[in-house]
Structures are given as C-alpha cells and as structure tokens.
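Notes follow the structure.
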C-alpha cells in the first residue's frame, strides 16, 4: 500500500517500482548523478558549510558543555546537506516541509507501529480497520507538489553549461535522451524524475541521519574512540576542509564508519522485492511475484 503512493499511474520512482525498463533507466541515471557529484569539489564545500551552521546553531541554542538532544538537529543537518546536493534547498528546523519530510521518512513508523505491518501484510484486516496511511498519503502528496515545483523551476532555468545539483543532472539526462532518441527517453518524464528526486532526498537523509546518530552515541559511550578519531583527523587534515582525496589517509575514521554500518545497520529490513520466479526456500514455496522482505 505504501509503495502504491510512490509508484502509480501518475509517476514511477526507483525504490518501489517493479523491475523493468522504467526502474532500470531511472536507477542508472540516478547512480550516475550520485557518482559524478560524490567525486566533485562541491560536496565537501556543502558539507563544511552546513556542519558549521549546525555547530553555530547548537552553541547559540544550547550553549557549551551542556547536554542536548541531537536527533532533530542531526536530521536537519543531513536534510540541508542532501537538500542542497539534490535540489539546492535548505530547511529551517521548524519548516513545514521538513516536518512532513521527516514524518514520511521516519516518524510514521513510530506513529503507526504494528498497525502498518498488519495492514501491509495481512490484507484481510483491511476489511475491519481504517487505512493507517491517510495522514502519510496527505503529506506525501504535499511533498511531491513541493518537489514538482522545485523541478519545474529548475527546468525553466536549466542551462546545459551550469549544473547546479542532482536535479539539473537528471534534466540534462532527459534532454540528451530526447535529442539522441535513446530508448530511455520515454521513461524520463517530469513526474518520474521528480519522484526519483524524492527518493534520493528521503532515502539519503533517513539512512544518513540514523547512521550518524549511532556514531554519536558510540562516541559518547566510548570516549576513547572519540579521541582516536579526533587525533587522526587533527594529524591528517588539520583545519582544512576534508576532501574525498583524504579518505585513503583516514584509516581509523573509515574503519569506524564501516564498523558502524555493519554493527548498526540503518535499514534492518531491506526494501521489499518480488520473486521473479517460483522457488523453494527450505520447506517454503515462494510463488512468482510474491512480495518479500530481507
């Protein structure tokens, strides 16, 4: 049911779309955009700017050497980093759009709890209970309108020689596909590209903020790890802005990140898939096109 909100007759996205030409085309162009931007000098500058703004906000709001709850601040920081990268937008911590983004990416799970699982995986229950996704669907439609407006603005001001963000990269891919009469052209509709932008933003913010919070908790619980991280960063980078080229020298930092991703996976249950053929798994028969979660 949740997937139908993102993948329907109006648009198709990447996360919830069935395997096929649309999914493959959107996934490939999105991965290309991510790889290009990840290797550019723009990413470190964006991260440095937003992190400095977040630190200033923490100091001004909570002061120094005082405890505070980092969860919302971390989400806002990652939303501003990913939002700048994806569609050149930053958010105020109390902005209406950010609150709706946060609900649709994380808060709905605690809000709906077990009822969402029952509604999704036990269809017979739908005859006896109210759809728990009404609020989610309302917020999702408002988010898509917000992103469509951003996409339309980018499309109107698009300049092939100036790529501002992921949104411009996807628009460029669309123009190239149409001009070169590529087989992917029919799948790069404005609605599909806007839905893919939404995937990049919501997926990137949710997983990154969850991982970052686990890192903070472990550093708070194990001060020796925090000190080792600080020592290596001070020794190898100093006061300059960290760049992608610095990663090979930051052995302890990269090991810490990898261990956090292993030890506290931000997505404990993966995005649902569908069986492409009927198979036997032990004594269980999984029929063709059955939804599965890992």
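The values are calculated or read from the model by the stated rules, or taken from the named source; none is laboratory data. None of the values given here were measured: they were computed from a predicted structure. As a convention, Cβ positions derive from the backbone with ideal geometry for all residues, glycine included, and neighbour counts pool all protein chains shown.
Considering the stretch 64-89, and only residues there that are in contact with a helix residue (DSSP H, G or I) (Cβ under 7 Å, 6 or more places away or on another chain) and surrounded by fewer than 16 Cβ atoms within 10 Å (Cβ to Cβ), the residue that is farthest from residue 144 (Cα to Cα) turns out to be 68. The listed residues are 197, 171, 134, and the only one of them that is farther than 22 Å from residue 39 by Cα and assigned by TED's automatic domain parsing to the domain that holds residue 48 turns out to be 134. Return the residues of the stretch 217-250 that are assigned to a helix (DSSP H, G or I), touching a residue at least 12 places away in the same chain (Cβ under 8 Å) and closer than 22 Å to residue 45 by Cα; say none if nothing qualifies. Scanning the stretch 217-250 gives 229, 232, 233, 236, 244, 249.
Would you check if residue 206 is more than 21 Å from residue 102 (Cα to Cα) and in contact with a helix residue (DSSP H, G or I) (Cβ under 7 Å, 6 or more places away or on another chain)? In short, no. Among the residues of the stretch 99-108, those that are in contact with a helix residue (DSSP H, G or I) (Cβ under 7 Å, 6 or more places away or on another chain) and either at pLDDT below 80 or farther than 15 Å from residue 208 by Cβ (or both) comprise 100, 103, 104, 108. Scanning the stretch 119-159 for residues that are exposed (fewer than 13 other Cβ atoms within 10 Å of the Cβ), modelled with pLDDT under 85 and not in a helix (DSSP H, G or I) gives 122, 128, 129, 130, 131.
For residue 199, are the conditions met, namely being in contact with a strand residue (DSSP E or B) (Cβ under 9 Å, 6 or more places away or on another chain), surrounded by 15 or more Cβ atoms within 10 Å (Cβ to Cβ) and at negative phi? Spelling it out, it is not the case that residue 199 is in contact with a strand residue (DSSP E or B) (Cβ under 9 Å, 6 or more places away or on another chain), surrounded by 15 or more Cβ atoms within 10 Å (Cβ to Cβ) and at negative phi. Checked against (1) within 27 Å of residue 21 (Cβ to Cβ); (2) under 22 Å from the mean Cα position of the chain (by Cα); (3) at pLDDT 85 or above, residue 177 passes all but condition (2). Scanning the stretch 175-196 for residues that are part of a helix (DSSP H, G or I) and surrounded by fewer than 22 Cβ atoms within 10 Å (Cβ to Cβ) yields 175, 176, 177, 178, 179, 185, 186, 187, 190, 191.
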